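J.: My questions all concern the structure below.
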Amino acid sequence: MSRLKPNQLTARKVETWKKGDLCDGGGLWLNASPTSRGWTFRFTSPVTGKRREMGLGSAFDVPLAMARQRASEARILLAESIDPLDRKREAEQARKLERASSITFEQVARGFIEEQAPGWKDKKAEPIWRRSLEQHIFPVFGGKPVNRVETDDVLAALRPIWETKTETASRLRSRIERILGYAKAHGWREGENAARWRGHLDAILPPAAKVAKVTHHAAVDRKDIGKVMASLATSDGLAAKAVRFTCLTAARSGEVRAATWDEIDLQAKVWTIPPSRMKAGREHRVPLTDGALAILEAVKPLRDAEHGDLVFPGQKAGKALSDVALSKALHSAASTKEVTIHGLRSTFRDWAAEETHYPREVAEMALAHAIGDKVEAAYRRGDLFEKRREMMEEWASMISQSHALRSASVLDL
């Protein structure tokens, strides 16, 4: 704070001062430039011992007398060992929280979704968020001021579905936590996050993994995969070709259905999936076997103005084949509805583990699984592409040989 005693300036001096700092004493300063004029109070914090500066308003709006009054109030706080800037911020936060009493959790949630959704990779996430909150959360405490949402409110919404719809409940808890964090970042609430799991709700609710029934994607037995793929090969349908391509590449259904020709390098026998379409958010190169290339050659005539650049276009222009279409083709070939498209990845993984000597990481890389170990992830820079190409060739060969052997055994009978 300035050693000069207060009240050194005159109103005239303040009006005519054009540029630079001018001290009125007692820590009050006028800061002027060609475009702005403002009052500041400079002092040493009694809490930290550091020099600080607090704005007291624009000199265009705050006259000298009012600036002196505000500086005097700050000096009184200093005499009581209170940091005036901290007190000012506390008052501003209190006013913000008071205004937040009229902002409901539902209003904040909808604002959060509107702001965040454009950055979400999955475009289906926005309607899923909205529907889940509208169904399970808003009826319970959506109309409550966001700064008054407490742990009991969160539990009232989650407990009824925690054991019967565990996965949904767990995701809702995470969504509530993010929304409350968003509210706190805006200054609309303070204190602990009522939906925080670690060190909070985990002491009340049983872990989701212990109450949820784990359901795996039903997979075609690896001993039957050749027969199923051969059955698909007899179909001229595009969905059947897409299922075979999915199996031969061990890719996810969504990655195959949204594949475009610009991702395919037929000469190099590589399909490069961009990060925006990968679950892990990283580019994934897929080696293409002769069988996969044959399927691409078969669907190449569909690459025209009508069907667009999609490798497996749907019936509507610019739309990919639906997941339902692929499922129906697989069910027909397998003669059962118990198997799933995603289960083909499990079939491949079982084969790699049980019938080959390829290291685990090669199979995991083929499936584009994220590396759980952070140290391993930091040191692994390559994608084991050539090893994966060799493995995928064996996988394709096994599928074709499996069907050939089965067919021969039937003829012998």
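The values are calculated or read from the model by the stated rules, or taken from the named source; none is laboratory data. Model, not experiment: these values are computed from the prediction. Every residue, glycine as well, gets a Cβ built from its backbone with ideal geometry; the counts of neighbours run over all protein chains shown.
J.: Given the residues A233, A280, A258, which is the only one that is within 17 Å of A298 (Cα to Cα) and either more than 26 Å from the chain's Cα centre (by Cα) or touching a residue at least 60 places away in the same chain (Cβ under 8 Å) (or both)?
T.: Residue meeting the stated conditions: A233.
J.: Looking at region 135-151, is at least one residue free of Cβ contacts under 8 Å to residues at least 40 places away in the same chain and of a type in the set (K, R)?
T.: No - not one qualifying residue is present in region 135-151.
J.: Taking the conditions exactly as written (charged (D, E, K, R), touching a strand residue (DSSP E or B) at 6+ places or on another chain (Cβ under 7 Å), farther than 30 Å from E177 by Cβ and not assigned by TED's automatic domain parsing to the domain that holds R130), does R3 satisfy them or not?
T.: It is false that R3 is charged (D, E, K, R), touching a strand residue (DSSP E or B) at 6+ places or on another chain (Cβ under 7 Å), farther than 30 Å from E177 by Cβ and not assigned by TED's automatic domain parsing to the domain that holds R130.
J.: Then there's this: Can you confirm whether region 144-161 contains a residue that is among the polar types (S, T, N, Q), surrounded by 18 or more Cβ atoms within 10 Å (Cβ to Cβ) and not assigned by TED's automatic domain parsing to the domain that holds S276?
T.: yes
J.: Quick test for you: out of E167, E90, pick the one residue that is within 30 Å of L77 (Cα to Cα) and of a type in the set (D, E).
T.: Answer to the selection: E90.
J.: Are any of the residues in region 339-351 at pLDDT below 90 and small (G, A, S)?
T.: Among the residues of region 339-351, not one is at pLDDT below 90 and small (G, A, S), which makes the answer no.
J.: Which ones in region 310-349 are more than 15 Å from A240 (Cα to Cα) and either outside the structural domain of G237 (by TED's automatic domain parsing) or surrounded by 15 or more Cβ atoms within 10 Å (Cβ to Cβ) (or both)?
T.: Selection gives L310, G343, R345, S346, T347, F348, R349.
J.: Now, a different point. Of everything in region 356-413 that's at pLDDT 85 or above and among the hydroxyl-bearing types (S, T, Y), which residue is nearest to K279 (Cα to Cα)?
T.: Y358
J.: Could you please find all residues in region 333-345 being without any contact (Cβ under 8 Å) to a residue 40 or more places away in the chain and at negative phi?
T.: Answer for region 333-345, where residues must be without any contact (Cβ under 8 Å) to a residue 40 or more places away in the chain and at negative phi: T336, K337.
J.: Among residues belonging to region 99-128 that are of a type in the set (G, A, S) and closer than 16 Å to W188 by Cβ, point out the one that is surrounded by the fewest Cβ atoms within 10 Å (Cβ to Cβ).
T.: The extreme case among them is S102.
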